[in-house]
1. Would you check if there is a residue in the range 92-109 being over 20 Å from Ile6 (Cα atoms) and either hydrophobic (A, V, I, L, M, F, W, C) or modelled with pLDDT under 80 (or both)?
2. Just to verify a result, which residue in the range 60-76, among those that are of a type in the set (A, V, I, L, M) and more than 18 Å from His149 (Cβ to Cβ), is modelled with the highest pLDDT?
3. Scan Met1, Met19 and give me the residue that is closer than 30 Å to Thr140 by Cβ and at pLDDT below 85.
4. Pairs needed: first member in the range 133-155, under 27 Å from Asp3 (Cα atoms); second member anywhere, hydroxyl-bearing (Ser, Thr, Tyr); C-beta distance under 9 Å; at least 6 residues apart or different chains.
5. When both residues are 6+ apart or on different chains and their Cβ atoms are under 8 Å apart, which pairs have a first residue that lies in the range 61-79 and is under 12 Å from Ile27 (Cβ atoms), and a second that is at pLDDT 90 or above and small (Gly, Ala, Ser)?
6. Could you look through the range 7-21, keep only residues that are among the aromatic types (Phe, Trp, Tyr) and surrounded by 13 or more Cβ atoms within 10 Å (Cβ to Cβ), and pick out the one that is farthest from Leu57 (Cα to Cα)?
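The values are calculated or read from the model by the stated rules, or taken from the named source; none is laboratory data. Note that the structure is a prediction, hence the values are computed from the model and not measured. Quick reminder, even Gly has a Cβ in these numbers, built from the backbone with ideal geometry, and neighbours come from all protein chains shown.
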Amino acid sequence: MNDTEIYQAIGRFVVAFQMLENELGEIIWFCTDSSLSKQSGGKREARISEQTFGQLLGLAERVARPHFREAGSEQLARFDSAVRRCSDLSARRNGIIHAAYLHVETLEGDVAFVRRRTPRELARESRLPYEKLNVDSFDTALAEIAAVHGELFALHRGLMYSYNPRVS
């Protein structure tokens, strides 16, 4: 990958990740909207757009989990799995966004890009401190984002049909 391809891949990843943030925000909004729920006490529990992704996950668990629990153990397990996968993707996103990217040349003259893993990544995993970047470095993560977004979207749609405003 050349530097332009790397920057484009990072951009695609950031935009795709925003889909997860948006869908979580939609689920939270749905569960806290005062016209649908008595939980909100006439106002939103939080200003969704001002939350970090970790705060969004916590808020989604707090306000949506009771509704998925009432919908049944399968729905709750799917929601819990989606939240865990979102958390993993968030760590991956932070690693991509906050990493240092290096353009290196091998002894044979080959050019490569590597990403320096963040200190948090290094503390969490016992891997080499650098990751050689290629198309698969991003495509796997983009596919996971698409899969998790699809799951959140399906859960949100199901919630719209089974929503009980008396759940708190």
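1. Pass one, the range 92-109, residues over 20 Å from Ile6 (Cα atoms): 107-108.
Then keep just the ones that are either hydrophobic (A, V, I, L, M, F, W, C) or modelled with pLDDT under 80 (or both); that gives 107-108.
Yes, because at least one residue in the range 92-109 is over 20 Å from Ile6 (Cα atoms) and either hydrophobic (A, V, I, L, M, F, W, C) or modelled with pLDDT under 80 (or both).
2. Here the answer is Leu76.
3. On the way: Met19 fails: at pLDDT below 85.
Matching residue, one of Met1, Met19: Met1.
4. Once the first residue is under 27 Å from Asp3 (Cα atoms) and sits in the range 133-155, its partners that are hydroxyl-bearing (Ser, Thr, Tyr) give Leu133/Tyr101.
5. Phe79/Ala64
6. Applying the first criterion (among the aromatic types (Phe, Trp, Tyr)) to the range 7-21 yields 7, 13, 17.
From what's left, surrounded by 13 or more Cβ atoms within 10 Å (Cβ to Cβ): 13, 17.
Numbers: Phe13: 19, Phe17: 13 Å.
Checked the range 7-21; the qualifying residue farthest from Leu57 (Cα to Cα) is Phe13.
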